[in-house]
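**Student:** Structure below; questions to follow.
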Amino acid sequence: MNESPLTALFGYFAMLSLFAVGGANAAIPEMHRIAVEVMGWMTNRQFADMFAIAQLSPGPNVIIVTLIGYHVAGITGALVATVGMCGPTCLVAFGVAHVWDRFKDAPWRIAIQAGLVPVSLGLIGASAFVLAHAADNNVYAGAITAVTAVVAFATRINPLWIFAVGGLLGLSGWL
Amino acid sequence: MPNPEAAPGATIERPSLYELFKAFTIVSVSGFGGALPWARRMIVEQRRWMTTEEFNEAFALSQFLPGPNLVNFSVVFGLRFGGPFGAVVTLAGLMVPPLVIVIILGVLYERFGDLEVLSRMLSGITAAAAGLLIAVVAKMAAPMFLKQWNSAPVIAILAFAGVAIMHWPLPLVFAVLAPVSIGLAWFKR
């Protein structure tokens, strides 16, 4: 791993984005594996914190790559990581959007779409598992995760309120 | 190059580039905890640029494509309603405001991240964020797992186990399971 951090950031996120079917959340375990285990850019805890900051920020959750880039190489790193994550897939989206509507009823298109849904779902589920594992260091944090999951599933409450409650409970020193 | 055949709502006037940029900026800065609900609200309910069905189709395409779903969606939507320049402005509207906000937050975290207070607060929010993601997965999985069982839930469980339990690299899991899953879907038609 002698390459410069910027090259590594760009190459890694560009590669990851092209495999990240299911969106940014499906790619979280792979980001974690590279950033923490392979490259040693940050600790488990720092990664979990960055996910929390990305969730706190408005906008698409993919913004976590901006934080990782910033952590590794400052503002330039933030921009390089973001462009790496979004650039190649935008070009793909641009090209595919042109032809996709034309094959709306084609059997191969229907099969591709039906086949990708379960894979993508399993990957997003893995993201949830990895994050809960990193965040839940004790029984209270585990309880917050469990209660949040139930409340968010059963009600239409704005998630921001749940984050506020979680933050206050953390502040109170229980976690 | 504009592509008039791609705008199905022919009665609706094509929004200007400025309107597209403004709409996606609003979606972006409102979208705490994910911007998808806000995008749908803006495009289907407020601006009425797309019907529910049109939105669902465009988003399905964005999900099918690799990479961040909403980023893809902004390109698909912008291209359809404003040509290549439309795609550029919707993407910019979606990404630039949160980019600035998150870098400011990142600077604050790097400077104060080791403070006990912020770190304790973040540990509570992280636990909640994990729960929120679990709820989203449950909502998405419910239709697939409650219908009659076929290969789809098995594929989903295999993908989950490969990445979460076995810690295999995501590209490997994807490269093995996706062709199998697409093949099964093909023969099930």
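**Student:** Report yes if A:P58 is on the phi < 0 side of the Ramachandran plot, without any contact (Cβ under 8 Å) to a residue 40 or more places away in the chain and in contact with a Pro (Cβ under 7 Å, 6 or more places away or on another chain), otherwise no.
**Tutor:** In short, yes.
**Student:** Also: Scan (1) modelled with pLDDT under 85; (2) surrounded by fewer than 17 Cβ atoms within 10 Å (Cβ to Cβ); (3) aliphatic (A, V, I, L, M) for the single condition A:A128 breaks and write down its number.
**Tutor:** A:A128 satisfies every listed condition except (2).
**Student:** State which residue pairs qualify: first residue among the β-branched types (V, I, T) and modelled with pLDDT under 90 and inside the stretch A:1-24, second residue surrounded by fewer than 22 Cβ atoms within 10 Å (Cβ to Cβ) and assigned to a helix (DSSP H, G or I) in any location, beta carbons under 9 Å apart, and separation of 6 or more residues or different chains.
**Tutor:** As it stands, the answer is A:V21/B:Q63; A:V21/B:F64; A:V21/B:A178, since those pairs meet every condition given.
**Student:** Moving on to the next point. Scan A:A114, A:A97 and give me the residue that is facing chain B (nearest Cβ under 7 Å), modelled with pLDDT under 80 and more than 20 Å from the chain's Cα centre (by Cα).
**Tutor:** On the way: A:A97 fails: modelled with pLDDT under 80.
So the residue among A:A114, A:A97 that is facing chain B (nearest Cβ under 7 Å), modelled with pLDDT under 80 and more than 20 Å from the chain's Cα centre (by Cα) is A:A114.
**Student:** Looking only at residues that are loosely packed, with under 13 Cβ neighbours inside 10 Å and either among the aromatic types (F, W, Y) or under 24 Å from the mean Cα position of the chain (by Cα) (or both) in the stretch B:114-145, which one is nearest to the other protein chains (Cβ to nearest Cβ)?
**Tutor:** Within the stretch B:114-145, the match that is nearest to the other protein chains (Cβ to nearest Cβ) is B:K139.
**Student:** Which ones in the stretch A:43-72 are among the β-branched types (V, I, T) and part of a helix (DSSP H, G or I)?
**Tutor:** Within the stretch A:43-72, A:I53, A:V62, A:I63, A:I64, A:V65, A:T66, A:I68, A:V72 qualify.
**Student:** Are there any pairs, at least 6 apart or on different chains, whose C-beta atoms fall under 9 Å, with the first in the stretch A:152-175 and within 7 Å of chain B (Cβ to nearest Cβ) and the second among the basic types (K, R), and if so, which?
**Tutor:** Final answer for the pair search is A:A152/B:K139; A:F153/B:K139; A:G167/B:R120; A:G170/B:R120; A:L171/B:R120; A:G173/B:R120; A:L175/B:R120.
**Student:** Are any of the residues in the stretch A:25-37 facing chain B (nearest Cβ under 8 Å), of a type in the set (D, E, K, R) and surrounded by fewer than 22 Cβ atoms within 10 Å (Cβ to Cβ)?
**Tutor:** Scanning the stretch A:25-37, I find at least one residue that is facing chain B (nearest Cβ under 8 Å), of a type in the set (D, E, K, R) and surrounded by fewer than 22 Cβ atoms within 10 Å (Cβ to Cβ), so the answer is yes.
**Student:** Within the stretch A:73-175, considering only helices (runs of 4 or more DSSP H) that don't extend past its boundaries, which have at least 3 residues that are among the hydroxyl-bearing types (S, T, Y)?
**Tutor:** Ranges flagged: A:139-154.
**Student:** Any residue in the stretch B:121-139 that is free of Cβ contacts under 8 Å to residues at least 40 places away in the same chain and more than 30 Å from A:H71 (Cβ to Cβ)?
**Tutor:** Yes: one or more hits.
**Student:** If you check A:T148 against the conditions, is it free of Cβ contacts under 8 Å to residues at least 24 places away in the same chain and among the hydroxyl-bearing types (S, T, Y)?
**Tutor:** The answer is yes for A:T148.
**Student:** Residues being part of a helix (DSSP H, G or I), facing chain A (nearest Cβ under 7 Å), surrounded by fewer than 20 Cβ atoms within 10 Å (Cβ to Cβ) and modelled with pLDDT under 85: count how many of those fall in the stretch B:146-172.
**Tutor:** Residues that pass the stated criteria total 1.
**Student:** Might you check whether a residue that is in contact with a helix residue (DSSP H, G or I) (Cβ under 6 Å, 6 or more places away or on another chain), modelled with pLDDT of 85 or more and more than 9 Å from chain B (Cβ to nearest Cβ) occurs anywhere in the stretch A:46-58?
**Tutor:** Yes: the stretch A:46-58 contains one or more residues that are in contact with a helix residue (DSSP H, G or I) (Cβ under 6 Å, 6 or more places away or on another chain), modelled with pLDDT of 85 or more and more than 9 Å from chain B (Cβ to nearest Cβ).
**Student:** Could you list all residues from the stretch A:63-116 that are farther than 22 Å from B:V29 by Cβ and in contact with a Gly (Cβ under 9 Å, 6 or more places away or on another chain)?
**Tutor:** Step one: filter the stretch A:63-116 for residues farther than 22 Å from B:V29 by Cβ, giving A:71-74, A:76-77, A:80, A:84, A:87-89, A:91-116.
Within the stretch A:63-116, A:H71, A:T76, A:G77, A:V80, A:G84, A:P88, A:T89, A:V92, A:A93, A:A111, A:G115, A:L116 meet the criteria.
The values are calculated or read from the model by the stated rules, or taken from the named source; none is laboratory data. Predicted model only: the values in this text are computed from it and were never measured. So basically every Cβ, Gly included, is an ideal-geometry build from the backbone, and we count neighbours across all protein chains shown.
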